[in-house]
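Encoded as structure tokens, here's the structure I'll be asking about.
The values are calculated or read from the model by the stated rules, or taken from the named source; none is laboratory data. This is a predicted model, so every value here is computed, not measured. When we count neighbours, we look across all protein chains shown, and the Cβ atoms used for this are built from the backbone with ideal geometry, even at glycine. Side chains are part of the model used for accessible areas, which takes the heavy atoms of the whole protein and leaves out ligands, DNA and RNA. Shrake-Rupley method; radii C 1.70, N 1.55, O 1.52, S 1.80 Å.
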Amino acid sequence: MTCPLPFDSTSEQSWQNWQTLRTTPPNSTGSSGTGSTRVRAAGLPALHGFPETWYGWRKQIPALAERFTVIAPDLRGYGDTDKPVSDYDKRTMANDVVIAPVDHLGHERIALVGHDRGARVGIRFAKDHRDRIDRFVAMDNIPTWIIAETYDVTLARQDYWFFTFLGEPAPRGEGRSCR
């Protein structure tokens, strides 16, 4: 698996630096008090939308970090991640940015939040790993099956051109029946 996270996943120091970068408020001392990355109730992956990166969560991270170990990765192909030619389906992206860091940090169950495209990745993760989800928030997201049933090419050309531009055929076995 090509790890899309902006660090060397084999290095414990890289994981610690990445976690601190993504969870500690800018003026935090890193102590075990408020704003620390040391003691948290559970993992909370925060998945960004299009065309954002983890940086879109920068103002929410300090508040969320008071209760959770916040994991704010870049989705595959965004920011400083690898840019592979394929494998941009939501299942692969969920495995990249949720399972790998959550397992590494030792969280069995997580709270998960996703915005826009990150919500789609989160929905796929929640469908595939219901036993690992404690709670899930999907923001600014219309279910894919609704878009598929109501998609209007004329309207898309005016306002939603990127839906068609960014489209990738669904892998076999995925689609409306996977609701």
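Residues of region 69-90 being more than 16 Å from Phe50 (Cβ to Cβ) and open to solvent by 30 Å² or more (accessible area, probe 1.4 Å), which ones?
Hits for region 69-90 are Asp80, Asp82, Pro84, Val85, Ser86, Asp87.
Which residue is nearest to Phe50 (Cα to Cα), if the candidates are limited to region 91-109 and must be open to solvent by 10 Å² or more (accessible area, probe 1.4 Å) and free of Cβ contacts under 8 Å to residues at least 40 places away in the same chain?
Thr92
Checking Leu112 against (1) assigned to a strand (DSSP E or B); (2) surrounded by fewer than 19 Cβ atoms within 10 Å (Cβ to Cβ): exactly one of these is not met. Which one?
For Leu112, the failing item is (2).
Scanning region 40-95 for residues that are assigned to a strand (DSSP E or B) and hydrophobic (A, V, I, L, M, F, W, C), which turns out nearest to Val121 (Cα to Cα)?
If we take residues in region 40-95 being assigned to a strand (DSSP E or B) and hydrophobic (A, V, I, L, M, F, W, C), then Leu47 is nearest to Val121 (Cα to Cα).
Any chance region 110-132 includes a residue that's without any contact (Cβ under 8 Å) to a residue 60 or more places away in the chain, out of contact with any Phe, Trp or Tyr (no Cβ under 8 Å at 6 or more places or on another chain) and on the phi > 0 side of the Ramachandran plot?
No, region 110-132 has no match at all.
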